[in-house]
Amino acid sequence: MPRSYVREASRGLGRRRERIGPIIERLAAEHSDAEIALRFRSDLELLVSVMLSAQTTDVNVNKVTPALFEKYRRPEDYLAVPVEELERDIYATGFFRQKARAIRGTMQMLIADFDGEVPSRLEDLVKLRGVARKTANVVAAELGHAQGIVVDTHVRRLSQRLGLTRNEDPVKIERDLQRVVPRADWARFPHLLIWHGRRVCDARKPRCEDCVIEDLCPSSRLRG
Ligand code: SF4
């Protein structure tokens with residue numbers, strides 16, 4: 001759908017700040033189980049899971065991590081084996097060489113700079129090797145210190161369809177969302193969009209007829 005149309009249609013539905021409250025409320029009621037799909041039991045496992053989830057699905061990561069986390073319990077454990085062994089252990093998540101190097105670099109920094117603990121501040125997380133802003137945002141939010149809004153492919157698509165942003169660049173989309181989404185909702189908002197995107201607002205075939213925010217969405221196929 002041309003974004004000029006979304007802009008035009010948004011005018012008849014009220015301003016972004018007026019729509020965002022009901023959008024969040026209704027999505028929260030519809031997807032009360034919306035939460036991170038990765039499985040982890042500690043801050044360290046969370047960080048490693050999110051790093052492994054780049055370029056693959058959470059389901060794929062969850063298949064690998066039970067055995068991985070039994071074997072590697074502390075940052076030191078990831079450094080105690082040859083890198084080839086770690087590569088084999090994470091092979092099924094793809095990009096295993098890059099990910100193994102990033103994980104080992106991050107573990108070295110955790111030990112050297114953070115007493116072996118995972119920091120919760122975004123500015124510290126983004127210093128870790130291979131930890132980009134999206135990864136840092138996911139980790140910080142799960143640790144209860146959301147300092148930004150995670151923008152993945154679902155968040156980008158739905159934010160555009162809902163007329164919450166006109167941008168393509170994830171950093172600019174995040175900035176637009178931060179202006180309109182109440183800070184208290186920064187952690188759960190991406191989960192709501194991700195689950196709504198998976199279940200209803202499909203990339204190719206959005207099911208607008210079954211959508212609880214259809215009357216708030218300028219991109220509804222039922223409109224006009
Ligand atoms: S109305 Fe359609 S396009 Fe808009 S959010 Fe719902 S499913 Fe997506």
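For the chain, a Kirkwood hydrodynamic radius built from all Cα pairs, placed in the Stokes-Einstein relation at 10 °C and 1.306 mPa s, yields a translational diffusion coefficient of 85 µm²/s. For Ser120, neighbours were defined as the other residues whose beta-carbon sits under 10 Å from its Cβ, and their charges (Lys and Arg +1, Asp and Glu -1) total -3. Compactness check for the stretch 65-110: Cα Rg over 2.2 N^0.38 Å is 1.02. The accessible surface of the chain, taken with every protein chain in place and a 1.4 Å probe, is 48 percent carbon and sulfur. Pairs of lysines in the stretch 69-204 whose Cα atoms sit within less than 24 Å of one another amount to 5, provided the residues are eight or more positions apart or on different chains. Derived from the Cα gyration tensor, the three semi-axes of the equivalent ellipsoid of the stretch 79-148 are 23, 14, 9 Å, largest first.
Given a 1.4 angstrom probe, what's the average accessible area per residue across the stretch 131-224, in square angstrom?
On the way: 4340 Å² over 94 residues.
Averaged over the residues of the stretch 131-224, the accessible area is 46 Å².
Backbone N atoms of the stretch 137-159 closer than 19 Å to the 7 Å Cα→Cβ label point of Ser120 belong to residues 137-150. Projecting label points 7 angstrom from Cα along Cα→Cβ for Ala29 and Arg88 puts them 5.4 nm apart. Distance from the Cα centre of the stretch 107-127 to that of the stretch 51-104, in angstrom? What the calculation gives is 18 Å, centre to centre.
Can you give the longest stretch of the chain with no exposed loop site, where a site means GluC sites (Glu not before Pro) in a DSSP loop (not H, G, I, E or B) with at most 16 other C-beta atoms within 10 Å? The answer is 36-116.
The values are calculated or read from the model by the stated rules, or taken from the named source; none is laboratory data. Just so it is clear, the structure is predicted and the values come from calculations on it, not from any experiment. Cβ: placed from backbone, ideal geometry, glycine included. Neighbour counts: every protein chain shown. SASA here: full protein model, heavy atoms, side chains in, ligands and nucleic acids out. Shrake-Rupley method; radii C 1.70, N 1.55, O 1.52, S 1.80 Å.
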